[in-house]
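Note sheet for the following structure.
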């Protein structure tokens, strides 16, 4: 991959004193958003790209924190000379509310009780996440977004931005996403939630105060989600039926296969870095997502780019095509590319060559138009 | 569906005093098998069809128990005038070892301790299930099987029978099955097992003595399995995004969608009827299943019929085709049909019109040949 890193970055916080009115009619107040920026806002303030992360992501999309050797989650996509070129664009990546990565979420202090919200945190929707981000963009005194972009839940936010604030959004890139969560999508999320809620240490969400976590439940949720992020083909390529020790072990609890070992590793790693309550709230927000009706009525100048991946069975090409077809009903400007990839839903985090070129040339086209 | 029911049936038991030597080198002794029979064994004893059930099935494939209004699990397929015609064939359905439906399994008394085996039950394989069934067939003094047939794990047994006892098996019908469990198949099983093992009430498998069960863990395992039994399309048709109350409820633990409600119902229903330890052992046996090497070397007179369903993504058409291709390498006699169905893996339990006709005409062909 061409281009350099944006280098050392810092996490910023925006805190709003105005309450955030939620779709549920409840309010969240006060609320904060963690965000990062890369590149420079130009004088006309017309070079802003707003990047959204997926379920378990954070505002740390690019560069490095001083004490952490791991780069941001879209390091290959964002930087000088990269597809989201920080020499040209001012990139803002905003953490979602509900998350455990700096924005107000179930781990935050509930001002009413002076304890963590836990399950007193209000149920939020993708539209609420976007409303909160709008406050951040207002705070940054940005009136127009050259582009909004994200994959998976990030793609839903990119779509929701174009629906909620069509006048502000010049272009929207929606990658590996959907106009609505299908019953199968909801079913997988539900099982993850049930696993967390059933964990003996969940303590009705108040595990934080008891200095423990529903580690087993959260690990199960993540293991399951991981299957949906990979394709059958990529699992065949990566693991096949490879054995961990070379032999069948014939113990009921034994880890015979590499794929079992991998899943456990992924589950355990996730428990270290993510909050179970956040997982519950964010998956619930996803389940509520259904913008098919709004899409059917949308008539906008926003230019859309849809990207899907051939082996993605979580948010399949058919689901991207549904968005394309709904957008075309009102003759909106929409491009669509299906990228050949055997890496399943995770492709949006892995496929940089083809994806990067498509993004670059789409953004180039928007700039010229 | 044409044909009548076989009517009232009884469950029989065969108990072997000879130990069953297992693939793990351990022995199971004594062991029993629950089985049912329908129709009449002819004098030549050449009209036997051996039927195998899937993961959570039982020997009760057809007819009714005196006290239970529910018919057997393949009622539409087995009976006078039905595809497995009890006017012509003597049908034997054998419960697998490891099950909780009458055959020796983890709920059975361990003769060494006079307590239920629980996790002291030995790990078994599909080959062990078939070895046990062979003892039953010997006991019934049957030398030849006109046909062995089953779907899913039942299909694996039908395949294993043809590999273990090729001289005995005239024909083998393998429905919605696979020659080997893929890493994705194993991954889904693993998560189900982890959910059970993580349940606080699992008590290292000794829940039976404590008069409790790992109900939450077993329900999670079943909910997850259920997703893999349905197709995305059938879930769309059956549930879509239909709401339980007509409104979004905005409570974190609320059941908003019908699909959530359905999954919980399926999970709870399963907990009432199935044993968690059996679930662990049977899924483990499935994971070990890989007969690709034996298939490649098989040269047999057995006539094979493979059936897959278009929307089955658990054991897909590609997986049936793998069996077909391996069998054809040595010019074995093999037919293959892919049936159009949007009901996913469950099709083998639901699709009777087309499936029934294919079975009838295949069996007719074997009889004449």
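Just from its helices, what would the mean residue ellipticity at 222 nm be for chain A, if runs of 4 or more DSSP H residues each count -39500 (n - 2.57) and the sum is divided by every residue, rounded to the nearest 500 deg cm²/dmol?
One gets -11000 deg cm²/dmol as the mean residue ellipticity at 222 nm.
Which residue fluctuates the most in chain A, going by a Gaussian network model with Cα springs under 10 Å, if the choices are A:155, A:105, A:251?
A:251
Considering chain B as a Gaussian network with a 10 Å cut-off on Cα pairs, which listed residue, B:174, B:96, B:255, attains the greatest mean-square fluctuation?
B:255
Per residue of A:228-240, what is the mean number of Cβ atoms on other protein chains within 10 angstrom of that residue's Cβ?
Values: counts 1, 0, 3, 1, 9, 2, 2, 6, 3, 1, 1, 5, 3.
Per residue, the number of nearby Cβ atoms from other chains is 3 on average.
Strictly greater than 18 Å: what percent of every Cα pair in region A:261-328 meets that? Show your work: numbers first, answer last.
Details: 1384 of 2278 pairs.
Cα-Cα pairs of region A:261-328 separated by over 18 Å account for 61 percent.
Only Cα pairs within less than 10 Å get springs; with that Gaussian network setup on chain A, which residue of A:39, A:240, A:192 has the largest fluctuation?
In the Gaussian network model the winner is A:240.
Find how much the distance from residue A:209 to residue A:4 grows on full extension, using 0.36 nm per residue of separation minus their present alpha carbon separation; answer in nm with one decimal.
Working: separation 205, 0.36 × 205 = 73.80 nm, distance 4.27 nm.
Going from the current span to full extension adds 69.5 nm.
Compute the Rg/Rh shape ratio of region B:103-198: radius of gyration over Kirkwood radius, all on alpha-carbon atoms. Mind showing how you got there, number by number?
Details: Rg = 16.1 Å, Rh = 15.4 Å.
With Rh from the inverse mean 1/r over Cα pairs, Rg/Rh is 1.04.
Roughly how many nanometres apart are two label points built 7 Å out from the Cα toward the Cβ at residue B:321 and residue B:87?
3.9 nm
For residue B:354 and residue B:21, calculate 0.36 nm times their separation in residues minus their Cα-Cα distance, and state this gained length in nm to one decimal.
Numbers: separation 333, 0.36 × 333 = 119.88 nm, distance 3.99 nm.
Gain on stretching residue B:354 to residue B:21: 115.9 nm.
Check the axis relating chain B to chain A and name the residue of B whose C-beta is nearest, distance in whole Å.
B:200, 2
Can you work out the base-10 log of I(q)/I(0) for region B:185-284 at q = 0.16, 0.19, 0.25 1/Å, using the Debye formula on its C-alpha atoms alone?
-0.74, -0.94, -1.25
Tell me, how many Å apart are the Cα centres for region B:299-322 and for region A:154-176?
If we compute the Cα centre of each part, the gap is 44 Å.
Quick one: divide the alpha-carbon radius of gyration of the protein assembly as shown by 2.2 N^0.38 Å and tell me what you get.
1.05
In percent, how large is the relative contact order of region A:185-284, given Cα pairs closer than 8 Å and 6 or more residues apart? Don't skip to the answer; put the middle values down first.
Working: 98 pairs, mean separation 31.5, N = 100.
After rounding, I find 32 percent.
For a footprinting-style exposure proxy, rank B:222, B:241 by other Cβ within 10 Å, fewest first. Please report the intermediate quantities before stating the final value.
On the way: B:222 24, B:241 20.
With the sparsest Cβ surroundings first, the list reads B:241, B:222.
Could you state the principal axis extents of the C-alpha atoms in region B:306-369, from the largest down, to the nearest angstrom?
So the three principal-axis extents are 33, 25, 13 Å.
Between residue B:135 and residue A:268, how many nm apart are label points set 7 Å from Cα along the C-beta direction?
3.9 nm
Partner chain Cβ atoms within 10 Å, averaged over the residues of B:189-202 - can you pull that number for me?
Details: counts 1, 11, 12, 2, 3, 11, 9, 0, 3, 10, 4, 5, 1, 0.
Taking all residues of B:189-202 together, the mean is 5.
Quick one: with label points 7 Å out along Cα→Cβ, list the inter-copy distances for residue A:66 in nm, shortest first?
Here residue A:66 shows inter-copy label distances of 8.3 nm.
Report Rg (one decimal) and Dmax (nearest whole number) for chain B, counting Cα atoms only, units Å.
Just the Cα atoms of chain B yield Rg and Dmax of 20.4, 68 Å.
Every number here is computed from the coordinates shown, using simple stated rules; none is lab data. Worth saying up front: this structure is predicted, and the values here are computed from it rather than measured. Here the Cβ is made from the backbone with ideal geometry for all residues, glycine too, and neighbour counts use every protein chain on show.
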